[in-house]
Structures are given as C-alpha cells and as structure tokens.
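Working notes, structure below.
The values are calculated or read from the model by the stated rules, or taken from the named source; none is laboratory data. Since the model is a prediction, treat every value here as computed from it, not as a measurement. Positions of Cβ are generated from backbone atoms using ideal geometry, with glycine treated the same way; all protein chains shown enter the neighbour counts. The area values use the complete protein model at the heavy-atom level, side chains included, leaving out ligands, DNA and RNA. Shrake-Rupley method; radii C 1.70, N 1.55, O 1.52, S 1.80 Å.
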Amino acid sequence: MFAFLHVPWMLLGLVVLAVPPIIHLLNRRRYDVVDWGAMQFLQVSEVTRRRLMLEEILLMLLRMGLLGVLVLALAGPYVDVELPAAFATRPTRDVVLILDGSASMAATDELGGASPQTKAREWISTYLEGLSPQDGVALLVARDQVLTIIDTLSSDRERLLTALDRLSAPSGSANFAEAFKQAFALLEKSQKLRREVIVLSDNQKFGWADPDTLFRWELLTHELGLERLGERKPRLWCVNLASDRSATPPNYGLAPLSSNRPVVPVDREVMFRSEILLTGQTRYLPPYRIRFEVDGKPIRDLTPPGGKAGNLPVPKDGRVPFSFTHRFTRPGSHLVSVILEPDPPAEERPPGYTIKDRVPGDNRQDFALEVLTALPVILIDGNNTPSSTSSSDFLRDALSPARDRQPSVKVQVVPFEDFQPGILTSDGRPRVVLLHDVPKLRPAQVEALDAFAATGGGILVTLGERVEQAWYNEQLYRGGEGWLPARLEGVTGNESLAEAARPDPESFKHPMLELFEKVTTGGLSEARFPRWWRLGLPGRHSPGLPVGQLQGPRCRDPFFVERSYQQGRTLVAAVPLDASWGTNLVDLPAFVPLVHEAIYYLAGARSADFNLRPGQPLRWRTGGGELEDFRLTPPSGEERPLSPPPGQPNTYVAQLIRQEQSSQLVYEDTRQPGVYRLLTPLLEPIYYVVPTDPRESDLTACTSEERERVGQRLGLTYEDSPEAVLGGTETAFTRQELWAYLLVGLIGLLCLEVWMTRRLVMNR
Amino acid sequence: MTLTFDPTSLAKYGRLTLIARNLVEGFLTGVHKSPYKGFSVEFAEHRQYYPGDEIRHIDWRAVAKTDRYYVKEYEEETNLRAYLLVDASGSMAYKGKYPSKFQFAQYVAASLAYLMLHQRDAVGLILHDTHIRRLLKPRANSKHLLQILRALELAAPGGETALAPLWHQSAEQLKQRSLIVILSDCFAEPATLLRALQHLRHRKHEVMLFHVLAPEEIEFPFTRWTQFRNLELPTDRKLVDPARLRKEYLANFERFCNDLREVCGRTMVDYHLIRTDEPVERALGLFLSRRQRQR
C-alpha cells in the first residue's frame, strides 16, 4: 500500500509543477519586436522544428519532474511491499524507552540474582547495538511522576548508557500512563517512519493491570486518540524483564506510617501505627528486626507483632498491624522512620534459609511531624460581661490547667467584643481558634477568621445558648460556601437527663474520637446532653462530615461536624463543651482528652504539608532570609543550596513567594518518594516525606489474560528479548520508505537537467 | 588604405551630393599614387625614370635640359559606361545599430557616381523594388550627377523583392555593353540569381555585385524571445527564441552566402560583401581596384 508519512496536505506542494509552464508562458508573453529582412533564414527544417519542440518539452517536463520529486520526497512516502527479508532494508526509527522505576524493579530472585533493573541495562545495551546510527532514542523512567532522563530523540548511545548507570535505585510505584503520554509527545516531533515505544517492566500487576491502572488506560486511550491515530500510531512494545519470576513471589513490606497526632507537644506520648504487608506467604514468620529511628538516629528495636516466635496464619488481607509510642524531647520538625528487616543478614542465615523478602525498596516508611513546646490557641469567649467566672473556664482549664507549669497548650482568652483581627496574623499566630458560644461577630472579625482558616488555621466552634442561629447560617455557613461545616437547625432536647442524648460509641471511628472507642468507665460514651444544637448536613454534597453521633430517644444527630476549608480545617460541636444545659461532660475524665484531641486534630491540618503526595509541592513558611540561604537534600541526592528559576549549577530550583506577613518557599520537584530535608538559614532541619505506595510491595504478576487485555486496549505487543523486538519488525521491514530513492532520483534529474541545459547553451 | 569615415557619422550631413564629394575627394587625397593615371595622349606630369620603364616614354627634351631621365605620364581617356543597380526593396530597409542597408547603398551609389563622373565616365542608375522605379541612362556630364543623386535621395525602400526577374529585365533593356554595379542584399534564391547574372553576362556586361548586409544579419546576436516582422510582407511574423534558433540560422545564412559566391564565381561576377558597419570608402576602394585590374 502506498501512503505518506507526513501530513498529506504537503502534497498540495505539487502545484509547484505548474511553475515551469507558467515561466515558459510568461517568457513568451514578454518578447522584443524586430522588423526583419532575412526572413527566409528563420525558416528551420521540420526535423529541426520538431527537435527544438521536443527539447523544449523535455526540458520543461524535466523541471516539472524535479519539483514533483522534491515535493514527494518531502511528503515522506512509503510503500508496503512484500520483499524477501534479504532485500529488505531496516527503516530508520525513533524509539522512546520507558523504564519501570518502581521499587519492584529491584526485586531479586530466590538466589539473589540480577534484578530487573540490572537486566534492563543489559537489555537496552543489546538493543542499542542493533539500531542504525541515525536512529533516535529517548529514555523515560516511569515513577509516581515520570523522570525524563534523555529528553530528545538522541543518537548518542554513550550518553544514554551513562545516564542508565547513574539512575538511582528503584523506589515508589510507576505511572505508566503518564510516561506513555510523554513518550507520545516526544514522538510527535519525529519525522521517521518507524516510531516505537518500548516499556521495560517486571510484569507486576500493580501499576500495569490493577483496576486503577486499567481505568487509567481507558482514559489514556481516549486522551491520545489511539484508535484514531491509525498509521501514525507508534508501535508499542512491552518487555518483561522478570519472566522467570513466579506468579506470587514472597515479599515483606511496610504500610505507610501514621500518627494519631501530626502535631505533638514536647514530652507527651504520641502513638505511631503501621502494618507489615505480606505477599506470597503461607505463614506469618515475624521479621528478623524492626528498627525505629528519629531524625536518622536509632532509638530502639520494636517488638515484632506476634512475638518473636510467630509462625501464625497470614491474615486475610495480608496485613499485620503494629504500633508503638514515643516522647519527643525537643521541639521542631522530626522524622520518624521504621525500617523492616524481614531476613537476617547473609552471614547469620542458617543453611537452606528461604528468603522471605524480595523487594528491598519497600521495607522503610517515614513520617514527618512537628513537635511544639506549647500549641498556641486563642479562645474567643462568647460571654462578654465582666465576671470572675465564665463558662469558657472549663475549656481553658482543660487545655491549659492553671497548675501545669509547662502546659502543652498555650491558651489566650479574648472576649468576643475585644477580639482584634490582627491577632491572627501577628508573630504569635495561633494554630487553633476556639469560638466558645459566641453570639455573633463583626464583619472584620469574620473576614479575619475566614483568612485564618484559608491559610491553614484550625477553628473549633462550640454552640451554646448565646449563639444567634440566623447570623451563623447567613455569615459563617453561607449555604455551604463559608467555613462553618454545618447549618444550624435549632436547639433541641430538654433539661431532663433521662431523655438526654448520649454519644454513640459505635460512631467513634474518627481519628479524633477513636481514643474513646474502647474506654468504658468515665469514657465519652457516658456523657449525657439534655440539650444540643441540631446540625444540618444538606444531602450528600454537603461540605461537612459528621464526627460521632448523638443518640437521642427519638433522634440521631451529629456530635461534631468537620470540613476542610482550603488549607485549613474547621470543626463545630453540637454542644457548648462546658457545664451548661445540665450536661455531665465536664465531670467525666474524657472531657480533657476530648478537648485536647479536638484541638490537636485541628492543629494537624497543616501536617499534610510535611507528608506529601508525589509531585505535591513542598512549602515552608519563612519569616525571612534569601532563597540561597536554604539547602535541600532530596531522596538519594546530595545536599545543595536552592536557587530561583531557571536555576544555577549545583543547586535545586525553588521559588520564594513574598507575602504580606511572611514568605513562602516552594519546591516543586517532589516526584521521588522518600525523605526531603530542608535546612533553614538557622540550620534548623525541616523534614518532608513522600510515602511509597504500599501496593508496590505486592509482586503478583499479571496473568496472560490481564496482559492480553492491556495489550488489546493499547495495541501493544509483548516481546521479551531485544533481538525479538528488533527482529519482530521483520514484517514491517517490507515497509519501504521511498524518500531515499526519490532523493537519488532527484539528483539524477538534476544532473540530467544541468546536462540538457548545458547542451542547449552549447548548441547556440 | 586609411579608413577615415564612420558610416554612422555620415548620416548627419544629409544631402548625398556633399557626402559623395567628401567621400571621394577625401579618399582620393589619401591615396598617394592615383590608380587613374596611365599612359595616354593627354600629358599629365613627368616622373623620374626607373629601370624597366619603356625607353620610348623618356622625354628626351627634358634629358637635354636637365641631364636627368624623366618619363612622361598622360591622363587616361576612358569610354566606360556604368549602371548603378540599386535594390530599394523592403528588406533593404533593415536597420540595426547602424544605418539601414538602403541608406548604406545610397552612400555607396552616390560616391561611385561622383567618382565615375569625376573621371568623365558615363554613369546611369536603375532603382528597383518589385519593379524598376527609376532608370537613368548613362551620361558623362556633371549635371547628370545631380539627377542621379536626386533620384537616390527621393527613393525609399519598400515592397517585395523579386530580384531575378528584374535583373533579367535589366539585361534585356541595357543594349550597350556596360559595367553594372549591383547594390543589393540579394535575398532571393541563388539558383534564380544565377540565371539572371548569366543573362547579364551573356549580354557582355561586366557585373560587380556589392552584397550589402547588416552585421545583425550576419551574426544574429539576439538572445531574448523576439518577434521578427517581415519588412516586405507585414503579415508575415515569427515569434521565436533566437538563442535556440541561432545555430540553424547561421548555417542557413552561411549556406546562402556560399551559394551566392559560387554563383558569382561561375558567372565571373565580381562579388564583394560589404557590411553596413564598415566605412563606405571600402566599397570605393574595391571598385577602383577592380577598375585597375581591368586595365
């Protein structure tokens, strides 16, 4: 079949064929006139007349042919012909190699042999040898965010191999859909006939054929228009570098680390949780060791779940949870790390020992958290009348007891009339604002609270007698647009304890309440609320989420309602959290922990800033200093100073965004999972963590049906050896690019034209 | 012989009388030894005796007086009858960078008439295109020169040429043996001209053919696309690429000239090609050298 590689409209260039006849006709229109006597000598013989005409026509056809061949050559024609392989020539090609950069690429076999990552180096080297010198190759590494290693279709093989040698160890998971998109964008500029994308992977199901990825393939197919591309679609290959790996190889991994309090006070116990992820195991054998480190310094070894003996059945979900506590003695940013060592070191292994863990890259989890000396909180009291006692005293004492010389919360009580908006943006900026039974606020105060929540602050609203329902709904809830999480429907219940509502322990699933789930005596479930505010959540699309439930005799209402408001978090309680309305809450031991949990939960709104998603920018609010004074250590990278775009040599590119009160440092290249350590001008380290996806620990291979499904969806061919990929194009070799032949023809025609013109000139 | 006149500079003088006189007198002044001098009855001058001179021509009286040998020279007496046959057809009107062929023929004819009458030879004129327009019988008096010049001056080229029939007609009309000087581009079939010249020769006429051509006709220097319009037949036009045609044209032209020369050679006609970019004196020189050879 004859077709053109480049846009067919280039063939419109064939109109240039009309140029020689047009020039000829124009020449004939522009002539001199001579009155002549010797007319009989102008009479040429019939033979000469024919010869002249023939020469003229031939020359014109030759020039038209020249232009035509040139246009055709530029349009990149090719023809599919069945030629014997011996006569076929290999067409030039542009190739984008997508190397799987996920942690599973470091998995070894039973004997600890070469990992797929090592095999990929050999595979690419062999493949490159088979390419023609003019073939272009680019290299992408598919991770959570794709790394572009060779960003142009380069024929420099040494550069590519050197870049491969310098690749960091595989980590995190792979986003192949994004890598395909970038590969297609690179090939979009290619002028070569053969354009190929080769994925080098380990046939892991996760990232290639899991439900999320299958959905991504669907989206990618539509986004790239794979079905519409037809002949222009690059050829897609997938190479399995772990073809000898069993279907479910054994592996141990760690689930991401979490804490009940992302912001913790100094010298207070904080709990961390994680899980051991088991795949390909029949029994759970406790790991050899679990190390616990803070800021990179060993603290202690954790007791493996299930004890030292172990040998327990594997839970259904393959997860073995464990937790541990720690007290931080210094304020500031801290990095908590848990390192799993499933197998003993090689020298300690008994003969015939079977390795439990294949992937070393998923045995570590980190968690960044902020430790504060005392959490700054402003308590805005709704009681404006001067008196020695106030209902807000309960909250103040719960947070900051008068006897405690080093309270974990530093509370500043302000009557609502005296509340100055400037207090929320001053140097002693609070982390949480507590509105206790405030009737209403002035517009400036509302505006300040709005800005406070939007920039990462936490607001707790307790509702009591004084609250003006209409004002709250109109100014703070604003039909779901304001920061108030729920609409106030009205006060319900009566003073009778017998008919009072009580918190339903079944609803204590929220991180803020889970502490009270199993506490029976003096716990939150013993609280009684004769009266409470009914909090309205209009439908499924309400911005607020209920936190706990109040179970009344005839009703069931939210205890708290929370919502995320831009960078901040707000919480509204259905009760005033004091002794009013005949409640026994303040008498219960659970009162103080409840208030602390609520406050720290709200203060943790900004903790997400330290534990990032891949690609989520790293931000740091700084009081001063220049960008060059900060230094950064990314995962598997060296410590370097920062510089503004476009960046200086040996620096990392970041931005310093100047704001009214402070500046914000933004570093965007957080594509690689791991720990990012930012060193401030005062040499204070700030830790940021991009956690790895625990699903990467599951080495389960794709079944042939799953491979087939993805292959059909993308129009992709599975082939393992480089020779097969090179030789697999054998049938395609019959596709002949014609531009080279046309070029030879063009040169031939050019020579003929020169010869003919010269001959005509010489004959004159 | 020194060539002193540029044909283009002559045009500004206008009247042929003056031009002819200037040409001839200037020409004669430049020639030290007059070819017209010979030994006749009318004494012209003495000259020193050189060995080889006939002894009977020695003026013994002068030897007696001067004791030196002188020979006597005498003015030649001629009875030459000449016709100037001037082609005034359309093709003679071709004018490139130089005067037209007809103008050039006018100068040459006028000069020859002046020269011959100066020598007291009888000169006549035949002007023709398709037909004989003017025929002046030969006379030897000086008034006749004015008639010839006037006839030449009033003539303008035009009409189609049929040379051979005209020359045949001339041969029939000219009864007395004469020298016929033809000034023409001779654009006709050489074969037909052969018969016409044979006819003239048969009538015992001496024929001298001045083949007047423009340099453009000889060299064909045109390069751009050109429409050639026939001077004799205005409806005949040819649009050609001269560069492509040049080789063929030159071959045709050379063949024609060779044929014409051959025709002249066969008929004992004195053939001279004169170009309009050459001085008119060349034609006078050619004429006089012929006259000298005749003696």
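Largest accessible area first, the residues A:ARG640, A:ARG631, B:ARG177, B:ARG61 order themselves as B:ARG61, B:ARG177, A:ARG631, A:ARG640 under a 1.4 Å probe with ligands, DNA and RNA left out.
For segment A:612-690, the solvent-accessible area with a 1.4 angstrom probe is 51 square angstrom per residue. Under the simplified labelling scheme, the A:PHE292-A:THR118 pair shows an inter-label distance of 3.6 nm, with each label point 7 Å from Cα along Cα→Cβ. The C-alpha radius of gyration of segment A:251-367, expressed as a fraction of 2.2 N^0.38 Å, stands at 1.12. For B:SER89, the residues whose modelled amide H falls within less than 5 Å of its own, excluding neighbours fewer than 5 places apart on the same chain, are B:GLY158. Kirkwood analysis of the Cα pair distances in chain A returns a hydrodynamic radius of 32.0 Å. Among the helices of chain A, those built from whole DSSP H runs whose Cα atoms reach 27 Å or more along their own axis and whose mean Kyte-Doolittle hydropathy is at least -0.5 are A:46-74, A:739-762. Per 10 Å bin, what is the whole-percent P(r) computed from every C-alpha pair distance within segment A:612-690? Histogramming segment A:612-690 at 10 Å steps yields 20, 57, 23, 1 percent. Sorted largest first, the spans of the alpha carbon positions of segment B:112-183 along the three principal axes are 34, 28, 15 Å.
Over the Cα atoms of segment A:154-290, the radius of gyration divided by the Kirkwood radius equals 1.09; this is the Rg/Rh ratio. Ordered by 1.4 Å accessible area with all protein chains kept, A:TRP755, A:TRP208, A:TRP739 run largest first as A:TRP755, A:TRP739, A:TRP208.
Computed with a 1.4 Å probe on the full set of protein chains, the accessible area for A:THR279 sits at about 20 Å².
Taking a straight line from the alpha carbon of A:LYS518, these lysines sit under 30 Å away, with near neighbours fewer than eight places off in the same chain left out: A:LYS308, A:LYS316, A:LYS410, A:LYS509. Each Lys or Arg adds one and each Asp or Glu takes one away; over the other residues whose Cβ falls under 12 Å from the Cβ of A:GLU129, this sums to -2. The heavy atoms of B:LEU273 present about 40 square angstrom of accessible area, all protein chains included, probe 1.4 Å. Here is how the number arises for the protein assembly as shown: DSSP H runs of 4 or more residues each give -39500 (n - 2.57), the sum is divided by the residue count, and the result at 222 nm is -9000 deg cm²/dmol. Charge tally around A:GLU56: other residues with Cβ under 9 Å, Lys/Arg +1 each, Asp/Glu -1 each, net -1. Size of segment A:376-457: Rg and Dmax of its alpha carbons, in Å, are 12.8, 37. 3J(HN,Hα) along segment B:175-181, derived from phi through the Karplus expression 6.51 cos²θ - 1.76 cosθ + 1.60 where θ = phi - 60°, amounts to 7, 7, 5, 9, 8, 10, 9 Hz, with x in place of Gly and Pro.
Computed from backbone phi, the HN-Hα couplings of segment A:515-525 come to 4, 9, 4, 9, 7, 9, 8, x, x, 5, 5 Hz, rounded to whole numbers (Karplus: 6.51 cos²θ - 1.76 cosθ + 1.60, θ = phi - 60°; Gly and Pro given as x). If one takes the accessible area of chain B alone plus chain A alone and subtracts that of the pair, with a 1.4 Å probe, what total in Å², rounded to the nearest 100, results? In total, this chain pair buries about 2900 Å².
The amide H of A:VAL96, built 1.01 Å from its N in the peptide plane, has A:ALA138, A:GLU196, A:VAL197, A:ILE198 as neighbours under 5 Å, considering only residues 5 or more places off or on other chains.
Ligands, DNA and RNA left out, the 1.4 Å accessible surface of the protein assembly as shown is 53% carbon and sulfur atoms. Karplus-based coupling profile of segment A:693-700, in residue order and whole Hz: 6, x, 5, 5, 6, 7, 8, 3, with θ = phi - 60° in 6.51 cos²θ - 1.76 cosθ + 1.60 and x standing for Gly or Pro.
Would you give the gap between the C-alpha center of segment A:238-306 and the C-alpha center of segment A:34-82, rounded to a whole Å? Using only Cα atoms to place each centre, the spacing works out to 82 Å. Can you classify segment A:375-608 as rounded, prolate or oblate using the Cα gyration tensor, where a ≥ b ≥ c are the square roots of its eigenvalues, rounded means a/c under 1.5, and otherwise it's prolate if a/b beats b/c and oblate if not? In terms of gyration-tensor shape, rounded. Sequence-distant contacts, meaning Cα pairs under 8 Å at least 6 residues apart, place the relative contact order of segment A:251-367 at 36 percent.
Figure note: A:LEU714, B:LEU250 ranked by solvent-accessible area, largest first, 1.4 Å probe, ligands and nucleic acids not counted: B:LEU250, A:LEU714.
Please work out, to two decimal places, the log10 of the ratio I(q)/I(0) at q = 0.14, 0.17, 0.23 Å⁻¹ from a Debye calculation in which every Cα of segment A:210-302 carries one identical scatterer. Here log10 of I(q) over I(0) equals -0.86, -0.97, -1.27.
For A:GLN566, the amide hydrogen comes within under 5 Å of no other amide hydrogen, counting only partners 5 or more places away or on other chains and with H modelled in the peptide plane.
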